[in-house]
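Okay, structure first, notes after.
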Amino acid sequence: AVEAVRPGGSGRRLVVDAAGARPYDAVVLAMDVGGLRGVVSRSPHLGDAAWRTRVARLRNAPPFLVSRLWLDRPVAPGRPGFLGTSGYGALDNVSVLSHWEGEAARWAARTGGCVVELHAYAVPSTAVREVEEKRLVEALHRVYPETRRARVVAARHEWRADCPLFTVGGYRDRPTVRTPDPAVVVAGDLVRTDLPVALMERAATSGFLAAGALLERWGVRGETLWTVPDRGRSAPLRALARRFGAY
């Protein structure tokens with residue numbers, strides 16, 4: 001794992017890990033919040049004071065749980081591939097992976113079952129994991145009652161706490177792809193991109209933007225990114241929104 005980034009000779013950057021320090025022309029810091037904060041804290045010459053302070057303020061969101069279940073029978077016909085939920089305890093959404101993911105679809109076709117995935121976000125850090133996992137499955141039974149009769153052939157419960165926390169009003173304080181050092185850029189779902197993307201889509205988008213920012217230094221054009229419109233169609237309404245602080 002990368003431990004630090006230090007200045008090198010001839011305008012290069014030294015990337016330090018357990019094996020030593022190696023020089024590079026440019027560096028992409030593609031990390032989660034904890035990784036980025038750690039590398040920056042151990043790299044006293046990386047960026048300026050204001051940028052380092054912004055990175056130090058980054059925090060992780062509360063833990064989340066992803067439960068994937070292999071069931072011995074399909075869900076009812078017409079169930080969507082993805083369903084957002086509310087009012088079912090910690091359950092935030094249900095995905096029927098065998099409707100749209102290749103490996104899951106092949107397993108379902110071979111066995112006659114289905115594969116579902118359950119997400120629970122912002123689970124209290126004091127929660128008992130086994131209890132929350134059981135509650136999530138019980139919530140599935142309430143959302144899709146036919147799953148009560150299904151036998152769970154296999155289950156996998158993944159707990160993580162590596163999602164960045166986006167506080168109210170904290171948008172402008174988040175780091176962008178570019179840093180004070182033109183040879184160092186940042187990528188990941190913690191990055192502010194000014195495009196309407198989130199989660200893995202923001203991580204991928206910021207990766208393209210980071211590569212493009214570095215390629216500019218050698219006069220090479222990066223990948224063109226297409227997006228939906230990021231402003232309304234009505235100029236008068238946009239002006240009113242700016243006037244009253246809603247834009």
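Please treat every number below as a calculation from the coordinates, not as lab data. What you are looking at is a predicted structure, and each value in this text was computed from that prediction instead of being measured. FYI the Cβ positions are ideal-geometry reconstructions off the backbone, even for glycines, and counts take in every protein chain you see.
Suppose every K and R has +1 on its Cβ and every D and E has -1 on its Cβ; what is the size of the dipole of the chain about the Cα centre, in Debye to the nearest 20?
Numbers: 36 positive and 25 negative charges, 106 e Å.
With only Lys, Arg, Asp and Glu charged at Cβ, the dipole is about 520 debye.
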**Report entry** Dmax and Rg, reported as Rg then Dmax, of the stretch 68-158 (C-alpha, Å)
**Finding:** 12.8, 40
Query raised in the report: Given the rule -39500 (n - 2.57) for each run of at least 4 DSSP H residues, summed and divided by the residues of the chain, what is its mean residue ellipticity at 222 nm, to the nearest 500 deg cm²/dmol?
Result: -8500 deg cm²/dmol
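Considering only DSSP beta bridges where both residues belong to the chain, give the percentage that are antiparallel (nearest 5).
Around 85 percent of the beta bridges assigned by DSSP in the chain are antiparallel ones.
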Report task. Find how much the distance from ALA239 to SER86 grows on full extension, using 0.36 nm per residue of separation minus their present alpha carbon separation; answer in nm with one decimal. Result -> 51.6 nm
Query - Gap separating the Cα centres of the stretch 177-247 and the stretch 79-142, nearest whole Å - result: 32
Query raised in the report: Using a Gaussian network model of the chain with C-alpha springs under 10 Å, which one of ALA150, ALA76, ALA30 is most mobile by mean-square fluctuation?
Result: ALA76
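Quote the FRET efficiency, to the nearest 0.05, computed for TRP159 versus ARG217 with a Förster distance R0 of 45 Å and r equal to the Cβ-Cβ distance.
Numbers: r = 41 Å, r/R0 = 0.90.
About 0.65, to the nearest 0.05.
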Query raised in the report: Of (1) 1.05; (2) 0.97; (3) 0.99, which is the value of Rg/Rh (Cα atoms, Kirkwood Rh) derived from the coordinates here?
Result: (1)
Report summary line: Per the 1/(1 + (r/R0)^6) rule, R0 = 35 Å and r from the Cβ atoms of ARG148 and ALA122, FRET efficiency to 0.05 is 0.85
**Report entry** Separation in nanometres of the label points that stand 7 Å from Cα toward Cβ, at ASP173 and GLU3
**Finding:** 3.1
Query raised in the report: Taking the Cβ-Cβ separation of ALA21 and GLU103 as r and a Förster radius of 41 Å, what is the calculated FRET efficiency to the nearest 0.05?
Result: 0.50
